[in-house]
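Reading through the structure tokens given below for one structure.
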Amino acid sequence: MLNPKRILVTKFRAMGDTILLTAALRELHRNFPQAQIHVAATEPWIWLLDGFPGVTKLWPVTWHNDRAARTKAATRLAFQLRKEQYDLVCGFHSSPAAAMVGLTTGAKIRAIHFHSFKAKNMYSTVIIPGKGTMKPVVERDLDTIRGLGLDIPEGVMPKIFLKDEEKSFAKEEFKAWGLTNPVLGLALGASRPTKLWPLHRFAEVAQKWVSETKGSVLVITGPGEESLVEEFYKAIPQNAELRKSIQVMPVANVRTLAARISQLNVLVGNDSGPRHLATALEIPTVTIFGPEHPLEWHPYPQNMHPRLFLEPLHCRNNSEPGSPPWCGLRECIVEAHQCMNKISSDQVNVEMLRVYGEYGKNLGI
């Protein structure tokens with residue numbers, strides 16, 4: 001019977017992927033409550049796992065885009081981890097470099113899962129079920145530990161844990177900024193331009209929220225997204241009271257970001273890290289999808305976390321066998337960005353006000 005004392009978990013990806021990993025972490029801790037779980041993941045997102053139940057050590061990693069630098073960093077990390085004498089390694093959404101880290105630890109049992117349909121699960125000592133089947137990323141992560149013979153239910157959701165003092169500090173920040181309940185969060189950014197909903201539509205949503213709820217709006221962006229804020233404000237009428245109700249969140253570290261999102265009543269945004277964070281904090285969300293199909297990246301119940309997605313579109317023409325079509329373009333060059341432009345603010349407003357009424361009224365500051 002499998003009874004590991006020391007477990008290493010690896011996932012070297014972006015914010016959303018790190019948050020989705022928490023579903024598998026919950027199940028590892030449930031099945032091995034006495035085990036020490038170490039996590040090696042990308043900085044700064046790894047700090048979202050600080051204080052996670054069962055996780056006793058975090059190994060922050062800078063995962064370089066340059067292949068040579070990435071291999072060098074992975075090798076250095078692997079030899080550090082080897083000293084820890086792990087019984088079990090679980091590698092999620094692996095690449096050759098990430099799989100090598102798992103192998104080099106010397107752990108006898110390794111569940112290493114590659115995202116690609118075609119790539120073999122290199123260095124895995126167990127057979128991962130579901131290989132080659134399109135499914136939500138969170139279920140693919142759970143398949144990694146199902147390969148250990150564990151009885152893992154479907155539908156386990158990600159969860160982020162915050163300290164009471166972190167939430168209390170965020171609450172005081174909101175008051176200092178003049179935000180009044182209820183507070184809508186608007187996550188304007190995304191990983192590439194084709195995933196951005198038009199900023200004037202976000203402005204229309206902000207106006208609707210203030211008009212209907214008499215509340216306020218917190219605009220959420222990250223480093224390098226200042227131009228999005230400028231364009232957003234150009235679409236806001238020159239009304240002093242309205243503009244006073246809309247505040248831009250100062251850029252902060254990921255745990256401060258999480259604490260601030262935990263004080264919202266609803267978050268509306270593109271398919272991006274902040275909306276994964278909101279769902280993991282049990283804040284209602286509305287997500288606008290464009291080039292990528294929601295199947296992989298939206299495992300959440302749609303009553304509390306609806307998503308808007310326009311289909312079918314012939315310009316989404318990238319796909320693996322058995323997977324829904326998607327578009328990998330960074331800039332739209334063929335159809336005037338219709339996947340996003342044809343989703344109206346009225347559609348978003350309906351879902352926003354519904355989830356607020358059903359799930360969000362008792363949240364916030």
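The values are calculated or read from the model by the stated rules, or taken from the named source; none is laboratory data. Quick caveat: nothing in here was measured; it's all calculated off a predicted structure. Every residue, glycine as well, gets a Cβ built from its backbone with ideal geometry; the counts of neighbours run over all protein chains shown. All accessible areas refer to the heavy atoms of the entire protein, side chains included, with ligands and DNA or RNA removed. Shrake-Rupley method; radii C 1.70, N 1.55, O 1.52, S 1.80 Å.
What the table shows:
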| item | result |
| --- | --- |
| Positive dipole terminus of the chain, leading residue within 178, 41, 100 (C-beta point charges) | 100 |
| Nearest-10 value in Å² for the accessible area of residue 337, using the 1.4 Å probe | 30 Å² |
| Crossing angle, helix 15-31 versus the chain [Cα axis fit, 0-90 degrees, rounded to tens] | 50 degrees |
| Qualifying GluC sites (Glu not before Pro) for region 120-226 [loop in DSSP, other Cβ within 10 Å: at most 12] | 154 |
| Amide H within-cut-off set for residue 112, under 5 Å, with H built and near neighbours excluded | 91, 124, 125, 126 |
| Cβ-based net charge around residue 2, under 15 Å, with every Lys or Arg adding one and every Asp or Glu removing one | +3 |
| Region 55-136, accessible surface, carbon-and-sulfur percent (1.4 angstrom probe) | 54 percent |
| Angle in degrees between helix 164-176 and the longest Cα principal axis of the chain, rounded to the nearest 10 | 20 degrees |
| Extension reserve of the residue 43-residue 159 stretch, reckoned as 0.36 nm per residue once the Cα distance is removed | 39.9 nm |
| Cα centroid separation - region 1-49 against region 185-251, whole Å | 34 Å |
| For a label point 7 Å along the Cα-to-beta-carbon line of residue 336, residues of region 190-205 with backbone N under 19 Å | 194-202 |
| Sparse-neighbour loop sites [trypsin sites (Lys or Arg not before Pro); region 86-168; at most 14 other C-beta within 10 Å; DSSP] | 108, 118, 120, 163 |
| Per-residue SASA entry for residue 123, accessible area with 1.4 Å probe, Å² rounded to 10 | 90 Å² |
| Calculated from backbone phi, Karplus (6.51, -1.76, 1.60) coupling profile of region 91-102 in Hz, x at Gly/Pro | x, 9, 6, 7, 10, x, 5, 5, 5, 4, 4, x |
| 3J(HN,Hα) from dihedral phi, region 339-352, Karplus parametrisation 6.51/-1.76/1.60, rounded to Hz, x for glycine, proline | 4, 9, 5, 8, 8, 8, 5, 4, 4, 5, 4, 4, 5, 4 |
| Positive-end extreme of charge dipole, region 292-365 - chosen from 341, 305, 356 (charges on Cβ) | 356 |
| Most to least accessible of 38, 93 (protein chains only, probe 1.4 Å) | 93, 38 |
| Helix axis angle, 137-146 relative to the chain longest principal axis, alpha carbon, degrees | 20 degrees |
| With eigenvalues of the C-alpha gyration tensor scaled by 5 and rooted, the chain, Å | 37, 23, 18 |
| Over 31 Å (Cα to Cα) - which of 195/244; 57/108; 5/171; 11/214; 159/195 fall in this group | 5/171; 11/214 |
| Farthest toward positive dipole pole in region 237-297 [+1 Lys/Arg, -1 Asp/Glu at C-beta], among 288, 237, 265 | 237 |
| Estimated vicinal HN-Hα couplings, Hz - region 255-269 in sequence order (Karplus 6.51, -1.76, 1.60; Gly, Pro = x) | 6, 5, 4, 4, 4, 5, 4, 5, 9, 7, 9, 8, 10, 10, x |
